[in-house]
1. Quick check, is residue 177 at pLDDT below 95, surrounded by 13 or more Cβ atoms within 10 Å (Cβ to Cβ) and touching a helix residue (DSSP H, G or I) at 6+ places or on another chain (Cβ under 9 Å)?
2. If residue 158 satisfies every condition in (1) open to solvent by 30 Å² or more (accessible area, probe 1.4 Å); (2) of a type in the set (S, T, N, Q); (3) within 16 Å of the chain's Cα centre (by Cα) but one, which is the exception?
3. Of all residues in region 139-174, which are more than 26 Å from residue 119 (Cβ to Cβ) and of a type in the set (Asp, Glu)?
4. Confirm whether residue 41 is closer than 23 Å to residue 147 by Cα, out of contact with any strand residue (DSSP E or B) (no Cβ under 8 Å at 6 or more places or on another chain), part of a helix (DSSP H, G or I) and in contact (Cβ under 8 Å) with a residue 40 or more places away in the chain.
5. Could you tell me which numbered condition residue 142 fails, if it satisfies all but one of (1) of a type outside the set (A, V, I, L, M); (2) under 21 Å from residue 82 (Cβ atoms); (3) not in a helix (DSSP H, G or I)?
6. Have a look at 92, 82, 112, 127 and point out the one that is among the hydrophobic types (A, V, I, L, M, F, W, C), at pLDDT 90 or above and either surrounded by 14 or more Cβ atoms within 10 Å (Cβ to Cβ) or out of contact with any Ser or Thr (no Cβ under 6 Å at 6 or more places or on another chain) (or both).
7. Quick one: which residue in 54, 35, 71 is surrounded by fewer than 17 Cβ atoms within 10 Å (Cβ to Cβ), touching a residue at least 12 places away in the same chain (Cβ under 8 Å) and touching a helix residue (DSSP H, G or I) at 6+ places or on another chain (Cβ under 6 Å)?
8. Let me spell it out: the conditions are (1) modelled with pLDDT under 90; (2) among the hydroxyl-bearing types (Ser, Thr, Tyr); (3) within 16 Å of residue 137 (Cα to Cα), and residue 24 meets all of them except one. Which number is the exception?
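The values are calculated or read from the model by the stated rules, or taken from the named source; none is laboratory data. Note that the coordinates shown come from a computational prediction; the quantities given were computed from them, not determined experimentally. Glycine gets a Cβ as well: all are built from the backbone with ideal geometry, and neighbour counts include every protein chain shown. Each accessible area value is taken on the protein alone, full model and side chains, heavy atoms only, with ligands, DNA and RNA left out. Shrake-Rupley method; radii C 1.70, N 1.55, O 1.52, S 1.80 Å.
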Amino acid sequence: MRKIRDDDSLEDREVWLEMIMGDYGERLTKLAYNYLKDWKLAEDIVQDVFITCYQNYDKIDEVTSFKSWIYRLAINRSKDVLKSHAFRKVVLNSSLFSLFSSKELPPEKELLKRSEEEFLSLCVLSLPVKYREVVTLYYYEECTIEEIQGLIGVNQNTIKTRLSRGRRKLKKMMERRGYNGEQA
């Protein structure tokens, strides 16, 4: 990622932090949101992750894969919040709809695209966490099976099984709700 020199300054640290915030901020927020289903909580998680990065600036060269490390931080913090007593009392009703941005399409196609994306996002969000996390990492974050193994600490066959079961559950949900996958 970068080499630390003896003359690294506070300004260097802040420039580095701004760079990783730009590179990872949105992706980590989406990742945390997929666990928590609450945009504000996801943003708080990502702030905590960046604080941890800032505090560990001097040790970053010891990290073998920065992407895996920072994703692992976000996943662990998200799971900690999910386990917390206060979080369990909150009723969550957010959607991933706002996370998708579309290219300039004719209004009717844009509406159809958004509707399909919202529907798929809601289906993904309704999956149990163990399926939702692998589906999100594999499809939304484009992580390989090996990267997912490093991020969530589960063996590759289990990840493949969860992906397969997650896809089946998504397919059943979408069929049950009348989505046929065809565009008008």
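1. It is false that residue 177 is at pLDDT below 95, surrounded by 13 or more Cβ atoms within 10 Å (Cβ to Cβ) and touching a helix residue (DSSP H, G or I) at 6+ places or on another chain (Cβ under 9 Å).
2. (3)
3. Within region 139-174, 146, 147 meet the criteria.
4. Answer is no for this residue.
5. Result: residue 142 fails condition (2) only.
6. On the way: 92 fails: at pLDDT 90 or above; 82 fails: at pLDDT 90 or above; 112 fails: at pLDDT 90 or above.
Answer to the check: 127.
7. Checking each option against the conditions leaves just 54.
8. It is condition (1) that residue 24 fails.
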